[in-house]
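No lab work stands behind these numbers, since they all come straight from the coordinates. Remember, it's a predicted structure, so these values are computed and weren't measured experimentally. As a convention, Cβ positions derive from the backbone with ideal geometry for all residues, glycine included, and neighbour counts pool all protein chains shown.
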Amino acid sequence: MFLETDPLSDAEIREIFEFKNIAVIGMSRHDYKAAHSIPKYLMEQGYNIIPVNPNVDEILGKKAFNTIEEVEEDIDVVEIFRPSEQVLPFVEQAIKKHPKVIWLQLGIHDPEAEELARKAGIKVVFNRCMYPEHQRLMS
């Protein structure tokens, strides 16, 4: 099944990569999963990664939060690694933190959640992976 991708331009995606605080909902402790390797890559590129995973205390030496609502620091980007059908409540929680961007990872698309975020003034990226986008546009 083909999933559409957001209509953002390369210039708009480049602007997103200027933001440095990225909360990762569904970040994995398992290094063989994309939900671990992609945030790790972003950390190596100088981004401040904030893991959100209720099943672990720490990932990559950083404190993991049970929910995004527990994060005290400012969040620029919320990257979501959860199945499309689970996205809505995470987006509802993320909106309360007033991020600039919500990024739904490759294969993730929920039009209702995306519209909620846009109505709150948040830019939405969907069905894109941060790793190849960063490689393509920033290196």
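Taking every DSSP bridge with both residues inside segment 10-138, close to 10 percent are antiparallel.
A cut-off under 9 angstrom between Cβ atoms defines the neighbours of Ile68, and their net charge, with Lys, Arg +1 and Asp, Glu -1, is 0. Full extension of the chain between Gln45 and Ser139 yields a length gain of 32.8 nm, computed as 0.36 nm times the residue separation minus the alpha carbon distance. Semi-axis lengths, largest first, of the ellipsoid equivalent to the chain are 20, 18, 15 Å, with √(5λ) applied to each eigenvalue of the Cα gyration tensor.
Taken as Cα centroids, segment 87-108 and segment 61-82 sit 11 Å apart, rounded to the nearest whole angstrom. Please report the net charge: other residues with Cβ closer than 14 Å to the Cβ of Tyr41, K and R +1, D and E -1. Here the count lands on -1. Take the chain and mark each of the trypsin sites (Lys or Arg not before Pro) that is in a DSSP loop with at most 14 other Cβ atoms within 10 Å; the longest unmarked stretch, sites excluded, is 34-95.
The modelled label-to-label distance between Leu60 and Lys97, using points 7 Å beyond Cα along the C-beta direction, is 1.4 nm. Multiplying the residue separation of Glu73 and Lys119 by 0.36 nm and removing their Cα-Cα distance gives an extension gain of 14.3 nm.
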